[in-house]
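Engineer: Okay, here's the structure, questions in a sec.
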Amino acid sequence: MKRSIILLLSGAAVLFFGSCQKQLVEKPYSFLTPTNFYQNASDAQSAINGVLSALQPQAYYQRTIYIMTELPGDCLAPLLTQNQERIDMYKLQYTPTNPEITNWWQNSYKLISRANDVIAHVPSINMDGAARNNIVGNACFLRGMAYFDLVRSFGDVPLLLAPITSPSDSSLFPSRVDAGKVYQQLITDLKYAEANCLSEPNITSANKGMVSSGAASAMLARVYLQRAAGKYADPADNQNALDECNKIIGSNVYGLMPVYSDVFNWDKKFYPTQKEVIFAVQFGSNGSNIIQNITCRMFSPSGLGGSGSFRANTNFFNNGYPADDTIRRNWNLANKVGATTVSPFIYKYRDAKWIANSNNSRVNWIVLRYADVLLMQSEAMNNLNPNDPAKFAGIGKVLVSITIVPRLADAASSVAISARA
């Protein structure tokens, strides 16, 4: 077959003659697949960065997280002019068509899918063993956290532990698995993370924000306490939770920030400057990667340049803090813009570099804090022995001067106090 090709270049006709003697066979050079991507340590790091970034969309840990976990509680309330799905969540009216519930489900499984890729492919990379295990440990933590979110929200859920490799893969139409088995698997994932992730002081400055072994221990404590309170409880859950808390406390790696507001100071995001935050979803500039957070805009009233989409529950504003806990209350809540009184709003998420009416704050979403660990220690001790006076040690460190004995009347009290912390 012979053909002529005429190209018009800048108005001039250039005649090219060519011949085609055989069928064209294309060799792709730019397609990335699991077979040709996972080649070296840099690829492994890029892969785990991709898993971590799955937490950042507005429809996941940037906004949907507090719609799912805080809006149905006692602290937040939506504007009545807001989207109906948010009002339904506030009223505990759950429907299968609620887009926020769909967001939570879909983005949890997107995170799991990316983690599964790392867990399946990174172990075969020829690289430093400790670095490789740290990356796989991070993926295991994130998969375990996602399944913890799912099992708490939905009970029995599909349990996907390997990449989907073809359209005929049976994993495309998975069945739900008993919640007890989901708990077993996510605990296995978190234990692997605990054993293989780097300790906080050993995470390099370039990789700050990755999961530490301490984060895995803290998440395990949370999981054990949650399971202990339900139908899938194991007799050892409360003791295991206490052991995990004591492991973190005894390490002397983390601590309470001397200045409470520094917990939310985004110029002090990373260890060792930030000693209280154990794990957070990262936002703001990280080298060339800039993912900003909408949280400031959501919580700030219009007088501060926000939309005020979520405000503080009035009862929480009036009664959520004891009278003598002015430091936390005054940082976390407000009802004044200048001299003007407005509806109570959540004020703890501030950013001096946030531009009003924009989504560009550097606010991190904090998942685990050292304060949580101290509260969980008290809760676990109370569950094990309500008459043990030592159970007040952890909660006392968090509340400092507050009279705490009446507030630990039951095992759930530390969860209530955690919202105020």
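The values are calculated or read from the model by the stated rules, or taken from the named source; none is laboratory data. If you're wondering where the values come from, they're calculated on a predicted model, not measured in any experiment. As a convention, Cβ positions derive from the backbone with ideal geometry for all residues, glycine included, and neighbour counts pool all protein chains shown. For the accessible areas, the whole protein counts, side chains as well, though only heavy atoms, and no ligand, DNA or RNA atoms are used. Shrake-Rupley method; radii C 1.70, N 1.55, O 1.52, S 1.80 Å.
Engineer: Send over the semi-axes of the stretch 114-196's equivalent ellipsoid, whole angstrom and largest first, taken as the square roots of 5 times the C-alpha gyration tensor eigenvalues.
Structural biologist: Listed largest to smallest, the semi-axes of the stretch 114-196 are 24, 17, 8 Å.
Engineer: In whole Hz and in residue order, list the ³J(HN,Hα) couplings for the stretch 32-44 that follow from phi through the Karplus curve 6.51 cos²θ - 1.76 cosθ + 1.60, θ = phi - 60°; x for Gly and Pro.
Structural biologist: Values, residue by residue: 9, 10, x, 6, 9, 8, 6, 10, 8, 5, 5, 5, 4 Hz.
Engineer: Name the aspartates and glutamates eligible as straight-distance cross-link partners of LYS191: C-alpha to C-alpha under 12 Å, and not fewer than 8 places from it in the same chain.
Structural biologist: Cross-link targets: GLU244.
Engineer: Taking amide H positions as placed in the peptide plane 1.01 Å from N, state which residues far from ILE278 in sequence (5 or more) or on other chains have amide H under 5 Å from it.
Structural biologist: Under 5 Å from the amide H of ILE278 lie the amide H atoms of LEU368, ARG369, TYR370, each far enough along the sequence or on another chain.
Engineer: Karplus couplings for the stretch 267-277 from phi (6.51 cos²θ - 1.76 cosθ + 1.60, θ = phi - 60°), rounded to Hz, Gly and Pro as x?
Structural biologist: Here the 3J(HN,Hα) series is 8, 10, 6, 10, 5, x, 4, 9, 9, 8, 6 Hz.
Engineer: Using a 1.4 Å probe, how large is the accessible area of TRP331, given in Å² and rounded to the nearest 10?
Structural biologist: Here the residue's solvent-accessible area equals roughly 50 Å².
Engineer: Next up: Calculate for the chain the 222 nm mean residue ellipticity that helices alone would give, adding -39,500 (n - 2.57) per DSSP H run of length 4 or more and normalising by residue count, nearest 500 deg cm²/dmol.
Structural biologist: Per the formula, -13000 deg cm²/dmol.
Engineer: Follow-up question, since we're still on this one. Less than 17 Å apart at the alpha-carbon level, and either on another chain or at least 8 residues along: which lysines does that give for LYS336?
Structural biologist: The qualifying lysines are LYS348.
Engineer: Just to check I understand the Karplus step: with θ = phi - 60° and J = 6.51 cos²θ - 1.76 cosθ + 1.60, what whole-Hz values come out for the stretch 378-388, glycine and proline as x?
Structural biologist: Working through the residues one at a time gives 4, 5, 4, 5, 5, 5, 6, 7, x, 8, 7 Hz.
Engineer: Of the accessible area of the chain, with the probe set at 1.4 angstrom, what percent is carbon plus sulfur?
Structural biologist: The value for the chain is 53 percent carbon and sulfur by accessible area.
Engineer: Please compare each pair in LYS181/LYS247; LYS269/LYS353; LYS247/LYS269 to a cut-off of 20 Å on the Cα-Cα distance and tell me which ones are over it.
Structural biologist: LYS181/LYS247; LYS247/LYS269
Engineer: Counting just the Cα atoms, what span does the stretch 181-258 cover along each of its three principal axes? Round to the nearest Å and put the largest first.
Structural biologist: Taking max minus min along each principal axis of the Cα atoms, the stretch 181-258 gives 42, 27, 17 Å.
Engineer: Pop out the Kirkwood hydrodynamic radius of the chain from its pairwise C-alpha distances, inverse of mean 1/r, in Å to one decimal.
Structural biologist: For the chain, the Kirkwood estimate is 23.7 Å.
Engineer: Please list, in order, the residues from the stretch 259-274 whose amide nitrogen is less than 20 Å from a point placed 7 Å along the Cα→Cβ vector of ALA130.
Structural biologist: Hits in the stretch 259-274 for ALA130 at 20 Å: 271-272.
Engineer: A further question follows. For the stretch 33-166, state the average projected area of the convex hull of the C-alpha atoms over all orientations, rounded to one decimal in nm².
Structural biologist: The number I arrive at for the stretch 33-166 is 9.4 nm².
Engineer: Taking the Cα atoms only, what angle lies between the long axis of helix 129-154 and the longest principal axis of the chain, rounded to 10 degrees?
Structural biologist: 60
Engineer: Can you give the accessible area of LYS181, probe radius 1.4 Å, in Å² rounded to 10?
Structural biologist: The accessible area comes out at roughly 120 Å².
Engineer: Separate question: Please state the charge dipole magnitude for the stretch 313-374, taken about the Cα centre, from unit charges on C-beta atoms (+1 on K and R, -1 on D and E), reported in debye and rounded to the nearest 20.
Structural biologist: So the magnitude is around 200 debye.
Engineer: Can you give the local net charge around GLN82? Use residues other than it whose beta-carbon is closer than 14 angstrom to its beta-carbon, Lys and Arg +1, Asp and Glu -1.
Structural biologist: +2
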